[in-house]
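The values are calculated or read from the model by the stated rules, or taken from the named source; none is laboratory data. What you are looking at is a predicted structure, and each value in this text was computed from that prediction instead of being measured. FYI the Cβ positions are ideal-geometry reconstructions off the backbone, even for glycines, and counts take in every protein chain you see. Keep in mind that these areas ignore ligands, DNA and RNA; they rest on the heavy atoms of the full protein, side chains included. Shrake-Rupley method; radii C 1.70, N 1.55, O 1.52, S 1.80 Å.
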Amino acid sequence: MYIQAITLFPEMFTALTDSGVTGRALQQGIWQFATINPRQFADNPLGYIDDRPYGGGPGMIMMAPPLQAAIDMARKTSPEGRLIYMSPQGKPLSHTQAASLADESALIVLCGRYEGIDERILTSNDVTEISIGDFVVSGGELPAMMLMDAVIRLLPGTLGDARSAAEDSFATGLLDCPHYTRPVEFRQQTVPDVLRSGNHALIAKWRLTQALRRTWTRRPDLLAGRVLTPEESRLLQNIRQEERDIPL
């Protein structure tokens, strides 16, 4: 996959390119990366690419001409690249969407700043707007890196064990189950016996039960939109019965 970020702060992306599994995957050639700074297309000596909004109001707006020139440059390298704009007005990012983007051969990620970008960039280009939550941050770089990380870790070869991505929270529509490692006892809490039993069938059942329990108590909305298997339905019924039997 080839990813290009249109950003005023290309140095921020070293968090992805130089560290962790994404940095290792870059070195292995699993993905490639480039940045385009729209300041290089500014029509003034100081490199300003923002201006006051028509109609008044606080803040500044990123101008259309330099942004469009940056998009056009990215398109020359990746004509087929999906153009994404990180925006609180976009559709919330989900695991399903990240998995879909992981099938793309190229992405062009537009990172806004200030109060936003000229609306004509959105109406004159085929843009997918994506949000990472119902809040606002100073720019699109951090949301872009979260999107990129979510996508890159799904590319074949990025993770040491492909099952890691397959068993993540949301990968199956459920939150992940609890996990433990050594030591067996920590602060008077002991690793559940079933995880040390060596019985893989019982372990799988325990993990599924815990994932259902966590999803039901923390994110019941996920269950509302999911078709449960017969085993999941039975386990969830047992969980609900257990919760009702717990004295207040």
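Here is how the numbers come out for the structure above:
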read-out: Qualifying chymotrypsin sites (Phe, Trp or Tyr not before Pro) in the stretch 1-109, DSSP loop, other Cβ atoms within 10 Å at most 16; value: Y48, Y54
read-out: Of the chymotrypsin sites (Phe, Trp or Tyr not before Pro) in the stretch 107-186, those whose Cβ has at most 12 other Cβ within 10 Å and which sit in DSSP loop; value: F135
read-out: Taking the stretch 72-124 and dividing mean pair separation by its residue count, relative contact order in percent (alpha carbons under 8 Å, at least six apart); value: 47
read-out: Under 15 Å, Cβ to Cβ, from V136 - net charge with Lys/Arg +1 and Asp/Glu -1; value: -3
read-out: Accessible surface of the chain [probe 1.4 Å, protein heavy atoms]: carbon and sulfur percent; value: 52
read-out: In Hz, Karplus ³J(HN,Hα) per residue of the stretch 123-132 (6.51, -1.76, 1.60; θ = phi - 60°; x = Gly, Pro); value: 7, 9, 10, 7, 10, 9, 8, 10, 10, 9
read-out: Expected 222 nm ellipticity per residue - DSSP helices of 4 or more, -39500 (n - 2.57), all of the chain, to 500; value: -11000 deg cm²/dmol
read-out: Length-normalised contact order of the stretch 1-142 in % [C-alpha pairs under 8 Å, at least 6 apart]; value: 30
read-out: Compactness relative to 2.2 N^0.38 Å, alpha carbon Rg of the stretch 55-165; value: 1.15
read-out: Accessible solvent surface per residue of the stretch 186-248, calculated while the other protein chains remain in place, 1.4 angstrom probe, Å²; value: 76
read-out: Most positive-pole-ward Cα, I132, Q27, V194, against dipole of the chain from beta carbon charges; value: V194
read-out: Whole-Å distance, taken between Cα centres, linking the stretch 1-29 and the stretch 99-143; value: 17
read-out: Long-range Cα-Cα pairs in the stretch 179-232 (distance over 15 Å), rounded percent; value: 59
read-out: Exposed trypsin sites (Lys or Arg not before Pro) absent: longest stretch of the chain, with sites in DSSP loops and at most 13 other Cβ within 10 Å deemed exposed; value: 1-186
read-out: FRET efficiency, 1/(1 + (r/R0)^6) with R0 30 Å, evaluated for Q40 and D18 via beta carbons; value: 0.80
read-out: 5 angstrom amide H check on L175, placed H, neighbours 5+ away; value: F170, T215
read-out: Amide H within-cut-off set for D118, under 5 Å, with H built and near neighbours excluded; value: M62, A64
read-out: DSSP beta bridge pairing in the chain, given as percent antiparallel to the nearest 5; value: 20
read-out: Length-normalised contact order of the stretch 108-189 in % [C-alpha pairs under 8 Å, at least 6 apart]; value: 21
read-out: Residues whose placed amide H lies under 5 Å from that of Y2, excluding near-sequence neighbours; value: Q32, A106, L107
read-out: Kirkwood hydrodynamic radius over Cα pairs of the chain, then Stokes diffusion coefficient at 20 °C and 1.002 mPa s, in µm²/s; value: 102
read-out: Solvent accessible area, Å² - D50, 1.4 Å probe, full protein context; value: 30
read-out: Modelled FRET efficiency - R0 30 Å, D176 with T123, Cβ distances, 0.05 increments; value: 0.15
